[in-house]
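Values quoted throughout were computed directly from the atomic coordinates according to the rules given, and no laboratory measurement underlies them. Given the structure is predicted, the values throughout are model-derived calculations rather than measurements. In this analysis, Cβ positions are derived from the backbone assuming ideal geometry, glycine residues included, and neighbour counts consider all displayed protein chains.
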Amino acid sequence: MKLLGIGSRIKHNDFGLGVITNLTAQHYWVTFFDIGLETIEIDSDFEIVEALENDDIDTVSLYEVEKSMKALLQKWTDISPAKGIAEKWKGGKLILEPGTNTQSKEIPIDTFFHKIVMVRDRIRVMEQKINSSKNLDDQEKIDLQQYLTRIYGSLTTFNVLFQDKLDYFVGERSK
């Protein structure tokens, strides 16, 4: 049996339609439309919908593509790499208990932390757009910058989650 290349489309009896996104000597990594990524053995029973041969395509794995995209985004945009969450919080959960007699909600702290980092990155983008705007005069830029500083100050509560103090939110410094 000749190996199928990355990008080949298959139909698996159990998993449905999918696209081969990586391969090893024994396995295909297939992203199935209904269930996501699964690893199946090369000699598994499936129907070939569209075959691409290894010789015809560049066999770069999905992992390598994602890694390259992240590096490019971090280099050429204002998106910073997700800085580390403090060791003591890894694997933890945030429990929200309502004041009424309703069910509590649990959120993985890693998920919550990621959202906080995204908020910080978006505020930084906004700050850069304000500072580089040609439509705002200097006084308007200063006024908007003061609002952003107050936003950072409101978020200092979340500094406890960060491993590195350089990543902390910093508001107005007292004089």
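Quick rundown of the values:
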| quantity | calculated |
| --- | --- |
| Rel. contact order, % - alpha carbon contacts under 8 angstrom, at least six apart, segment 72-167 | 34 |
| Cα centroid separation, segment 83-100 to segment 109-175 (Å) | 22 |
| Pairwise label distance in nanometres, VAL160 with ASP14, each label 7 Å out on the Cα-Cβ vector | 4.5 |
| Theoretical FRET efficiency, 1/(1+(r/R0)^6), r = Cβ-Cβ of LEU94 and GLU41, R0 41 Å, to 0.05 | 0.55 |
| Loop-located trypsin sites (Lys or Arg not before Pro) in segment 1-50 whose Cβ has at most 11 other Cβ within 10 Å (DSSP) | LYS2 |
| Within a Gaussian network of the chain (alpha carbon springs, distance under 10 Å), most fluctuating of GLY91, GLY99, GLY16 | GLY99 |
| Alpha-carbon Rg with Dmax, taken over the chain, Å | 23.8, 75 |
